[in-house]
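One structure is given here, and the rest of the page talks about it.
The values are calculated or read from the model by the stated rules, or taken from the named source; none is laboratory data. Because the structure is predicted, anything quoted here is derived from the model rather than measured. Cβ placement follows ideal geometry from the backbone for every residue including glycine, while neighbour counts extend to all protein chains displayed.
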Amino acid sequence: MIKMGGRQSYDIDGLIKEIEQPRIKVVLCFFSVEYERFEPHRALKRAFPQAVCVVGSMLGGWCTAGVVKKGVVALSLSADEVEEVFSTLKEGVKTDAAKTATEAVEDLKRKIGYRSLDPDNYLGIILSDGLALGEEIMQVLSLEAGLNLPFVGGAAADELNFTKTLVGIDNQVSADGLVLLVMKMKIPFHYNHYIHFTPTATSMMVTKSDVKHRIIWELNGEPAAPYYAKLLGLKSMDQLTFDVFALNPVGVVSGNMVYCRSLHKVIEGSGLMSYCYIEAGTTLHLLKRGDIIADTRKTLQDGAAHLPQVQGAILFNCAHRLMELQTLNKVEAFNDAFRSIPFIGLNVYGEDLFIRHNQTLTAVFFGRY
C-alpha cells in the first residue's frame, strides 16, 4: 500500500512509524530546510535500509492531516506498488545545469541497462536545487530519447531566503544537486500540471534579457520594472512586493496553453528577476487570476477521471501559489480540497513536467487495479 504522513515539527520518529510497512521499496520525504542539522535523510535510511530514500527541502508542505507550515511530510511505496527502482544524485547544477543533467541521465541509463522503457509503466520523479537553472535540466531530459518517460517534480525550496536548498538520496544530501528517480509501477498513475491563470489582452515583448541570471532588463524597449509597475497601475516600484508578483504573473501563450513566467523581485532598480529564464524576443501576456480553489477541486477530479480509484497523490505546488493562498486566506481551503484522499505535497521554486513551469500545481495521482 501507499502510506503517507506529516508532522508540524521535526518528529521524524513519529513520521517513520506512520509510513512504516512491510517490503518498502521507495520513501519520499520533504522537510523544512532548517531541519538539515538533524539529518533526516540518515534517519530514514537507518529505518528503511532496503528502500531508496529520496529527500528534498520545502517551503512548507501539505498532507491529509493538515497544512504543514514548518515540518516534515513523507510517503512510502511498497513492493505492491513498485517493481523496480533506479536512482541517481549528481552535483554541480549551479555551475553547469545541463552538464550535470547529462551526467545524471547517463548514470541512470547505465543502471537501467540501456533498456527501452514503456512510459505507461515507468514513472520518473525529479528534484533539483532550487537556485539552479532548472530549465536547462528539463531541456536535457526532454531531448533524451533513451529515457522516454515522464519526470514529475520540482525545485527544492527554502524559506524564501534563496540561499540554500537541498536534495538527496539515502545517506547523501546536497545543496548543489539533482536527483532522478525512476520506478517501474505495478499500479496505474496519472500526472498533469494545473494553472488557474488566463491571458489578458495586454502583451509586451522582452527586448533585453540576461538568460543566465533570469533577469528581464527591458520590456517594449523600456526599463522592465517601471514598465511592469505602470501596467499594474502602481505609483512606485516600492509597491512591487512578493505578494504583488504572486498575484500578477506574466506568461507565454501557445495555442490554448498558458505557461506562467513568475516574477519575484526587482534587480538594480530596473530589472525583473523571474523563476524561469526568458529570452529576448519573447512575447509575454499579463495574466488574469482565476479561482484557485475551484481549479484545485478540478485537479482532484482530473486525477479521479483517469484512474479506477485514487489511493494517493504527491503535489508540487509553486511558492507563488502559496503566497496567493496566504493573501486570499485560503491556505486551509487548498489543503481541504484534497482531504478525500491520502496525499502529501510541498511548495517549490519551480514545477517540472516535460518542461519547467511556474505558478502551477504539478501532481502525480496513484490508482489501484
Going through (1) polar (S, T, N, Q); (2) closer than 30 Å to D120 by Cα; (3) touching a helix residue (DSSP H, G or I) at 6+ places or on another chain (Cβ under 8 Å) one by one, T327 fails only at (2)
Screening T299, T202, T283, T207 for residues that are in contact (Cβ under 8 Å) with a residue 40 or more places away in the chain, in the same structural domain as F334 (by TED's automatic domain parsing) and polar (S, T, N, Q) leaves only T299
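One line per residue, one yes/no per condition, for (1) of a type in the set (G, A, S); (2) farther than 27 Å from R7 by Cα; (3) not assigned by TED's automatic domain parsing to the domain that holds G345:
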| site | (1), (2), (3) |
| --- | --- |
| V85 | no, no, no |
| D96 | no, yes, no |
| S116 | yes, yes, no |
| D120 | no, yes, no |
| L127 | no, no, no |
| E135 | no, yes, no |
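So that you can scan it fast, the table gives a plain yes or no per residue for (1) among the hydroxyl-bearing types (S, T, Y); (2) over 19 Å from M185 (Cα atoms); (3) surrounded by 17 or more Cβ atoms within 10 Å (Cβ to Cβ):
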residue	(1), (2), (3)
V26	no, no, yes
S32	yes, yes, yes
E36	no, yes, yes
P40	no, yes, yes
K45	no, yes, yes
A51	no, no, yes
S57	yes, yes, yes
State whether one or more residues within the stretch 223-239 are part of a strand (DSSP E or B) and at pLDDT 95 or above. yes
Given the conditions (1) at pLDDT below 95; (2) on the phi < 0 side of the Ramachandran plot; (3) in the same structural domain as Y349 (by TED's automatic domain parsing), every one holds for S174 apart from (1)
Note on the stretch 283-333: residues in contact with a Phe, Trp or Tyr (Cβ under 7 Å, 6 or more places away or on another chain), assigned to a loop (DSSP other than H, G, I, E, B) and aliphatic (A, V, I, L, M) are L307
Result of the Cβ filter at 9 Å on the stretch 228-244, keeping first residues that are without any contact (Cβ under 8 Å) to a residue 12 or more places away in the chain and partners that are hydroxyl-bearing (S, T, Y) and part of a loop (DSSP other than H, G, I, E, B), at least 6 apart or interchain, is A229/S236
The one condition L284 fails out of (1) within 19 Å of the chain's Cα centre (by Cα); (2) at pLDDT 95 or above is (1)
Of the candidates L315, L272, L307, L300, the one satisfying the condition of being surrounded by 17 or more Cβ atoms within 10 Å (Cβ to Cβ), within 16 Å of the chain's Cα centre (by Cα) and farther than 19 Å from T198 by Cβ is L315
Within the stretch 104-121, the residues that are in a helix (DSSP H, G or I) and in contact (Cβ under 8 Å) with a residue 24 or more places away in the chain are A104, V105, L108, K109, K111, I112
The number of residues in the stretch 103-126 that are hydroxyl-bearing (S, T, Y) and either under 18 Å from the mean Cα position of the chain (by Cα) or surrounded by 17 or more Cβ atoms within 10 Å (Cβ to Cβ) (or both) is 1
Filtering strands (runs of 3 or more DSSP E) wholly in the stretch 1-79 for at least 2 residues that are in contact (Cβ under 8 Å) with a residue 40 or more places away in the chain, touching a helix residue (DSSP H, G or I) at 6+ places or on another chain (Cβ under 8 Å) and not aromatic (F, W, Y) gives 2-7, 24-32, 52-58, 72-78
Going through (1) within 30 Å of F189 (Cβ to Cβ); (2) within 21 Å of the chain's Cα centre (by Cα); (3) not assigned by TED's automatic domain parsing to the domain that holds A333 one by one, G255 fails only at (2)
Next item on the list: State whether the residues of the stretch 335-357 include one that is touching a helix residue (DSSP H, G or I) at 6+ places or on another chain (Cβ under 6 Å), of a type in the set (G, A, S) and not in a loop (DSSP other than H, G, I, E, B).
Entry: no
The number of residues in the stretch 204-222 that are assigned to a loop (DSSP other than H, G, I, E, B) and farther than 19 Å from G130 by Cα is 2
One residue is enough: does the stretch 264-282 have a residue meeting the conditions part of a helix (DSSP H, G or I) and not hydroxyl-bearing (S, T, Y)? no
| message | Within the stretch 258-268, does at least one residue satisfy the condition of being crowded, with 24+ Cβ neighbours inside 10 Å, touching a His at 6+ places or on another chain (Cβ under 6 Å), at pLDDT below 95 and in the same structural domain as Q239 (by TED's automatic domain parsing)? | response | yes
Of the residues in the stretch 1-12, those that are farther than 17 Å from E34 by Cα and either acidic (D, E) or at pLDDT 95 or above (or both) come to I2, K3, M4, G5
